[in-house]
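A.B. asks: This is the structure, below, for whatever I ask next.
The values are calculated or read from the model by the stated rules, or taken from the named source; none is laboratory data. From a predicted model like this one, the values you see are computed outputs, not experimental measurements. Here the Cβ is made from the backbone with ideal geometry for all residues, glycine too, and neighbour counts use every protein chain on show. Surface accessibility is based on the protein's heavy atoms, side chains included, excluding ligands, DNA and RNA. Shrake-Rupley method; radii C 1.70, N 1.55, O 1.52, S 1.80 Å.
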Amino acid sequence: MNVLSCDRWPRVIPAILAFAVAAIPIRAADNVIALKAQHLFDGKSKSIVPNGVIIVQGDKIIDVGSNLTVPGDAQVIDLGDATLSPGLMDAHTHLTLDYSSDYNVRRLKEVDLNVSEQAIIATAHARATVEAGFTTVRDLGSRFVGSREFVDVALRNAINKGVVVGPRMLVATKGIGATGGHFDPTSGFRDFLFGREPDYTDGIIDSPDEARKAVRFEVKNGADVIKAAVSGGVLSLVDEVDTPQLTSAEIAALVDESHRLRKKVAVHCHGDQAAREAIDAGVDSIEHGSFMKPETLARMKNKGVFLTPTLMATEWIMSKLGNYPRALQAKAKAAATARSDMFRNAVKLGVKISFGTDAAVFPHGQNAHEFKLMVDLGMPQIEALRSATSNDAELLGIAQKTGSLEKGKLADIIAMPGDPSTDITATERVFFVMKEGKIIRNGPPSAPAAAKETNPADAPAPVD
Ligand SMILES: [Zn+2]
């Protein structure tokens with residue numbers, strides 16, 4: 001018998017709904033909470049308003065504004081001289097990768113630790129990230145050499161089920177790239193150490209057809225977004241940082257297949273030629289973009305492609321340059337020199353800028369330092385705040401649910417001391433975090449491990 005036969009649904013659905021409604025218990029979370037603070041940034045406006053009030057019921061915002069009347073039955077949480085803001089977003093993290101300041105230590109760890117152990121360690125990264133005020137991340141690549149595990153998918157699902165405390169995650173699974181390119185996990189190791197050349201199941205492709213196959217394979221296994229490396233990178237041993245690594249035909253096939261499956265495409269790209277080819281192929285965001293020329297940035301603006309600058313990654317690598325092999329030091333220096341001018345030009349030209357950091361290159365939970373780097377390079381404070389809220393929500397395709405403080409949106413709300421439009425480093429001192437109406441933090445963070453990792457003697461890792 002086919003229990004799913006269509007003619008039964010008209011009778012079955014009302015019965016299921018009636019049961020479901022009767023079965024929903026009255027939850028404490030459905031109480032009304034009123035959050036108050038001296039300032040409020042709604043994620044979209046060009047200014048911060050005084051005397052902010054947000055009324056939350058269940059997982060939603062039911063009202064928001066300046067000097068609102070608080071309903072009599074509401075539990076009032078007055079956060080004082082602080083700014084209420086939408087939960088921040090980071091459009092470029094690697095929550096499943098551990099941070100280590102020593103390149104070789106990190107490389108050894110990668111082949112040393114059991115993947116299950118790395119997955120358990122990643123739960124601490126997720127907690128540190130959400131407690132820092134980042135209620136959503138786009139996690140751009142999770143790969144363990146020689147393993148077919150999808151740890152980012154598992155972490156996302158465990159967070160969604162409430163088993164692990166962490167941000168909402170959109171995950172990319174394995175970054176897609178060329179043989180010997182930035183994402184080839186066997187590059188730099190002795191030939192055949194892992195017994196076979198990597199293939200599309202590892203994200204490694206060498207033709208348009210393989211690009212399509214890799215996209216289909218990743219979506220089948222839970223990818224929300226597709227990540228590809230179209231140029232070389234800093235932290236890979238055998239490539240040049242700015243050479244193109246996929247052909248125009250490979251990028252076009254990858255973008256076409258991803259968009260057919262309604263997945264956006266983020267590309268790791270430092271080089272200018274690769275960026276132009278990727279923009280023409282219709283990618284949704286360029287990650288890093290260090291060597292992009294003004295003409296290329298203008299092309300991005302015209303096509304509405306986002307730039308995710310990840311200034312933190314370069315900054316952190318440059319501060320610990322001696323911990324990297326000499327070949328990587330030269331690449332890091334070249335990228336760092338180019339990227340400041342590139343970023344200033346992007347701001348000037350009005351390219352859409354999304355907030356993204358490359359967390360894992362620095363200790364998880366320090367993401368908010370990116371704001372200061374953006375502002376120091378000429379981005380107005382309020383624009384930097386918008387990049388991590390409404391801009392990221394647009395890029396991630398979740399603006400109808402979150403990214404701004406508006407009636408009916410999910411109650412992802414944070415508070416930081418003072419006013420970030422006069423001191424942007426306030427974003428590094430978030431002390432209140434609510435995700436979907438549940439308070440995750442109100443006061444000091446719960447994770448002393450995150451603080452321990454900030455010891456500079458023990459520090460960063462991996463990927464770009
Ligand atoms: Zn990255």
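A.B. asks: Please enumerate the residues belonging to the stretch 316-326 that are among the hydrophobic types (A, V, I, L, M, F, W, C) and surrounded by fewer than 16 Cβ atoms within 10 Å (Cβ to Cβ).
C.D. replies: Residues satisfying the conditions are Met318, Leu321.
A.B. asks: OK, next. Identify all residues within the stretch 379-391 that are of a type outside the set (A, V, I, L, M, F, W, C) and not in a loop (DSSP other than H, G, I, E, B); write none if there are none.
C.D. replies: Gln381, Glu383, Arg386, Ser387, Thr389, Ser390, Asn391
A.B. asks: Right, here's the next one. What pairs can you find where one residue is in the stretch 221-250 and farther than 14 Å from Gly180 by Cβ, the other is of a type in the set (Asp, Glu) and buried (at least 24 other Cβ atoms within 10 Å of the Cβ), and their Cβ atoms are less than 7 Å apart, with a gap of 6+ or different chains?
C.D. replies: Sorted first by the residue in the stretch 221-250, then by its partner, the pairs are Ile226/Glu218; Val234/Asp464; Leu235/Asp464.
A.B. asks: From the list Leu113, Leu140, pick out the single residue that is within 15 Å of the ligand (Cβ to nearest atom), hydrophobic (A, V, I, L, M, F, W, C) and either under 23 Å from Gly195 (Cα atoms) or buried (at least 19 other Cβ atoms within 10 Å of the Cβ) (or both).
C.D. replies: Step by step, each of Leu113, Leu140 is checked, and only Leu140 is within 15 Å of the ligand (Cβ to nearest atom), hydrophobic (A, V, I, L, M, F, W, C) and either under 23 Å from Gly195 (Cα atoms) or buried (at least 19 other Cβ atoms within 10 Å of the Cβ) (or both).
Residue by residue, here is whether (1) within 16 Å of the ligand (Cβ to nearest atom); (2) modelled with pLDDT under 95; (3) surrounded by 20 or more Cβ atoms within 10 Å (Cβ to Cβ) holds:
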| position | (1), (2), (3) |
| --- | --- |
| Gly282 | no, no, no |
| Ser285 | yes, no, yes |
| Met292 | no, no, yes |
| Thr314 | yes, yes, yes |
| Leu328 | yes, yes, no |
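A.B. asks: Follow-up question, since we're still on this one. Being among the aliphatic types (A, V, I, L, M), free of Cβ contacts under 8 Å to residues at least 60 places away in the same chain and in a loop (DSSP other than H, G, I, E, B) is the filter here, so list the residues in the stretch 324-378 that pass it.
C.D. replies: Val351
A.B. asks: Let me ask something additional. State all residues of the stretch 331-342 that are surrounded by fewer than 17 Cβ atoms within 10 Å (Cβ to Cβ) and closer than 12 Å to Leu237 by Cβ; if no residue qualifies, say none.
C.D. replies: Those that are surrounded by fewer than 17 Cβ atoms within 10 Å (Cβ to Cβ) and closer than 12 Å to Leu237 by Cβ: none in the stretch 331-342.
A.B. asks: Six or more apart or on different chains, Cβ under 7 Å: which pairs go from a residue in the stretch 90-110 that's without any contact (Cβ under 8 Å) to a residue 40 or more places away in the chain and under 18 Å from Met169 (Cβ atoms) to one that's of a type in the set (Asp, Glu) and not in a loop (DSSP other than H, G, I, E, B)? Could you list them?
C.D. replies: Here the result reads none, with nothing in the stretch 90-110 linked to a residue that is of a type in the set (Asp, Glu) and not in a loop (DSSP other than H, G, I, E, B).
A.B. asks: If you scan the stretch 219-259, which residues turn out to be crowded, with 24+ Cβ neighbours inside 10 Å and basic (Lys, Arg)?
C.D. replies: Within the stretch 219-259, just Lys227 meets the criteria.
A.B. asks: Further question on the same structure: Just for the stretch 294-310: of the residues that are within 16 Å of the ligand (Cβ to nearest atom) and closer than 14 Å to Arg344 by Cβ, which one is surrounded by the fewest Cβ atoms within 10 Å (Cβ to Cβ)?
C.D. replies: Across the stretch 294-310, the extreme among qualifying residues is Leu307.
A.B. asks: Something else about it: Within the stretch 165-177, how many residues turn out to be among the hydrophobic types (A, V, I, L, M, F, W, C) and either open to solvent by 20 Å² or more (accessible area, probe 1.4 Å) or closer than 18 Å to Glu210 by Cβ (or both)?
C.D. replies: Number satisfying all stated conditions: 4.
A.B. asks: Going by the conditions given, is Arg262 out of contact with any Leu (no Cβ under 7 Å at 6 or more places or on another chain), assigned to a helix (DSSP H, G or I) and open to solvent by 10 Å² or more (accessible area, probe 1.4 Å)?
C.D. replies: no
A.B. asks: Is there a residue in the stretch 208-218 that is crowded, with 24+ Cβ neighbours inside 10 Å and under 26 Å from Phe355 (Cα atoms)?
C.D. replies: yes
A.B. asks: Still on this structure, I have one more. Which pairs turn up if I take residues in the stretch 268-280 that are over 12 Å from Val305 (Cβ atoms) and look for partners that are within 16 Å of the ligand (Cβ to nearest atom) and in a helix (DSSP H, G or I) with beta carbon separation below 7 Å, at least 6 apart in sequence or on another chain?
C.D. replies: So the pair list comes out as His270/Ala335.
A.B. asks: Under 8 Å between Cβ atoms, which residue pairs at least 6 apart in sequence (or on different chains) link something in the stretch 415-438 that is more than 15 Å from Ile48 (Cβ to Cβ) and polar (S, T, N, Q) with a partner that is outside any loop (DSSP other than H, G, I, E, B) and open to solvent by 30 Å² or more (accessible area, probe 1.4 Å)?
C.D. replies: From residues that are more than 15 Å from Ile48 (Cβ to Cβ) and polar (S, T, N, Q), the pairs are Thr425/Lys372.
A.B. asks: Specify which of the listed residues (Phe355, Phe371) is among the aromatic types (Phe, Trp, Tyr), buried (at least 24 other Cβ atoms within 10 Å of the Cβ), at pLDDT 95 or above and within 16 Å of the ligand (Cβ to nearest atom).
C.D. replies: Phe355
A.B. asks: Next question. Of Gly80, Gly180, Gly162, which residue is more than 16 Å from the ligand (Cβ to nearest atom), surrounded by fewer than 20 Cβ atoms within 10 Å (Cβ to Cβ), within 24 Å of Leu254 (Cβ to Cβ) and small (Gly, Ala, Ser)?
C.D. replies: Gly180
A.B. asks: Follow-up. Within the stretch 208-218, is even one residue part of a loop (DSSP other than H, G, I, E, B) and modelled with pLDDT of 95 or more?
C.D. replies: No, every residue in the stretch 208-218 fails to be part of a loop (DSSP other than H, G, I, E, B) and modelled with pLDDT of 95 or more.
A.B. asks: Only one of Thr454, Thr422, Thr427 is at pLDDT 95 or above and loosely packed, with under 14 Cβ neighbours inside 10 Å; which?
C.D. replies: Thr422
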